[in-house]
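**Student:** If you scroll down you'll find the structure; I have some questions about it.
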Amino acid sequence: SMNNKTSATEFILLGFSSKPALQLFLFSLFSVLYSATLMGNALVFLLICMDCQLHSPMYFFLCHLSIVDICYATNNVPHMLRNLLGQGRTISFAGCGIQIHLYLIFALTECVLLAVMSYDRYVAICHPLRYVFIMNRRVCLTLVSVSWAFGFVFGTLQASLALHLPFCCPCEVDHFFCEILAVLKLACTDTTANKVLIFVVCVCFLIFPLALILISYLRILATILRVHSVAGWHKTFSTCGSHLAVVGLFYGNGVFMYMGPGSGNSSGTAKALSFFYSLVSPTLNPLIYSLKNKQVKVALLKLLRSRRVF
């Protein structure tokens, strides 16, 4: 009704459960995953910055992926842990707006960044003799800048449109953070324009980059099939398999969450998918991409030995 419209000053996050035992278990689980996310990505960032052997385009992009993952998790998880401890489920309107804004920026930036990384692997494998020329410092800086700029512009656009809507009381968000689809359900006006924009952005940041990634890997597959060295096959698959695994999980969940049937409903499935983006993916990325990589392992051993010397 018209009387229920409000210039919302705060939202109530319903979270996962109200059972104390389950909340304690989730708090313990999420704390471990969050700590692993921070330590794993910070270690990757530190190793890449300190070891000159890792100053190559691939590791330059990995460094930015680590930054995105740290920021992404930190945007959502601390407030979620606070709620699980029973310290209050409310979040101010400004705080909710910041969560939506940063969530969109980091998610969209990662979408573009993963596509950039697949292009880097394509050039490295399909055009190895021209790799240094094609992926020069200027090109790498441009690709990373475009990733962050696109994420910022389109994230800001979506967040601005959502936060200018009138909301209905009670402002209960059926989620563990201010996720944009869950917040839009509380609007006291038609949100068709917002949903259309979300769909268009999903096409641009999920479908289009995923198509580019698949094309890149098809070209890579065609190239390695012409190589008659088993060692060459193994090296290529170990390098690209990790990236492709993360890409499949990341884009697949994104498409299902924002473009699948019932994507506007903040159900248990939507919370589980958001949990994957907030904690599981940022935790796995440094393990899959970097810490199993031979060059990164060598850099880590060098760092540990230098610590022992001092």
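The values are calculated or read from the model by the stated rules, or taken from the named source; none is laboratory data. Predicted model, so just to flag it, every value in this text is computed and none were measured. In this analysis, Cβ positions are derived from the backbone assuming ideal geometry, glycine residues included, and neighbour counts consider all displayed protein chains. Surface areas here come from the heavy atoms of the whole protein model, side chains and all, with no ligands, DNA or RNA. Shrake-Rupley method; radii C 1.70, N 1.55, O 1.52, S 1.80 Å.
**Student:** Can you check what the net charge comes to around MET58, using other residues whose Cβ is under 9 Å from the Cβ of MET58 (Lys, Arg +1; Asp, Glu -1)?
**Tutor:** Net charge around MET58: 0.
**Student:** What whole-number value in Å² describes the accessible area per residue of the chain for a 1.4 Å probe? All intermediate terms of the calculation are to be shown ahead of the outcome.
**Tutor:** Details: 15470 Å² over 310 residues.
Here the per-residue accessible area is 50 Å².
**Student:** Moving on. At 7 Å along the Cα-to-beta-carbon direction for both GLN53 and ARG219, put a label point, then send me their distance in nm to one decimal.
**Tutor:** 3.0
**Student:** Here's a follow-up. For segment 73-193, what % of the accessible area comes from carbon and sulfur atoms, probe 1.4 Å?
**Tutor:** Values: 3560 of 5190 Å².
Carbon-and-sulfur percentage of accessible area, whole number: 69.
**Student:** Continuing with this model, one more query. Suppose accessible area is computed on protein heavy atoms with a 1.4 Å probe; arrange HIS55, HIS164 from highest to lowest.
**Tutor:** Numbers: HIS55 115, HIS164 155 Å².
Descending accessible area places them as HIS164, HIS55.
**Student:** At 0.36 nm per residue, and after removing the present C-alpha to C-alpha distance, how many nm does the segment from PHE133 to LYS195 gain when stretched out fully?
**Tutor:** Details: separation 62, 0.36 × 62 = 22.32 nm, distance 4.22 nm.
That works out to 18.1 nm of additional length.
**Student:** Direction-averaged shadow area of the convex hull around the Cα atoms of segment 40-94, nm²? It would help to have the intermediate numbers written out before the result.
**Tutor:** On the way: hull surface 20.1 nm².
Average of the hull's projected areas for segment 40-94 equals 5.0 nm².
**Student:** Please find the FRET efficiency linking CYS188 to ALA272, where r is the Cβ-Cβ separation and R0 is fixed at 30 Å, and quote it to the nearest 0.05.
**Tutor:** Working: r = 28 Å, r/R0 = 0.95.
The formula returns an efficiency of 0.60 here.
**Student:** I need two numbers for segment 124-227: Rg to one decimal and Dmax as a whole number, Cα atoms only, in Å.
**Tutor:** According to the Cα coordinates of segment 124-227, Rg and Dmax are 20.3, 64 Å.
**Student:** Right, here's the next one. Could you tell me which of ILE220, ALA187, SER118 has its Cα farthest along the dipole of segment 73-223 towards the positive end, charges placed at Cβ (Lys, Arg +1; Asp, Glu -1), taken about the Cα centre?
**Tutor:** ILE220
**Student:** Sticking with this one: Net charge within 15 Å of LEU13 by Cβ-Cβ distance, Lys/Arg positive one each and Asp/Glu negative one each, not counting LEU13 itself? Don't jump to the answer; show the numbers that get you there.
**Tutor:** Values: positive: ARG82, ARG89, LYS185, LYS271; negative: GLU10, GLU172, ASP174, GLU179.
Neighbour charge sum, excluding LEU13 itself: 0.
**Student:** Based on the Cβ-Cβ distance from SER92 to LEU46, what FRET efficiency comes out when R0 is 51 Å, to the nearest 0.05?
**Tutor:** Efficiency computed from Cβ-Cβ geometry: 0.90.
**Student:** Quick one: Debye curve from the C-alpha atoms of the chain, no solvent, what's log10 I(q)/I(0) at q = 0.10, 0.11 Å⁻¹?
**Tutor:** Ignoring solvent entirely, the Cα scatterers give -0.62, -0.73.
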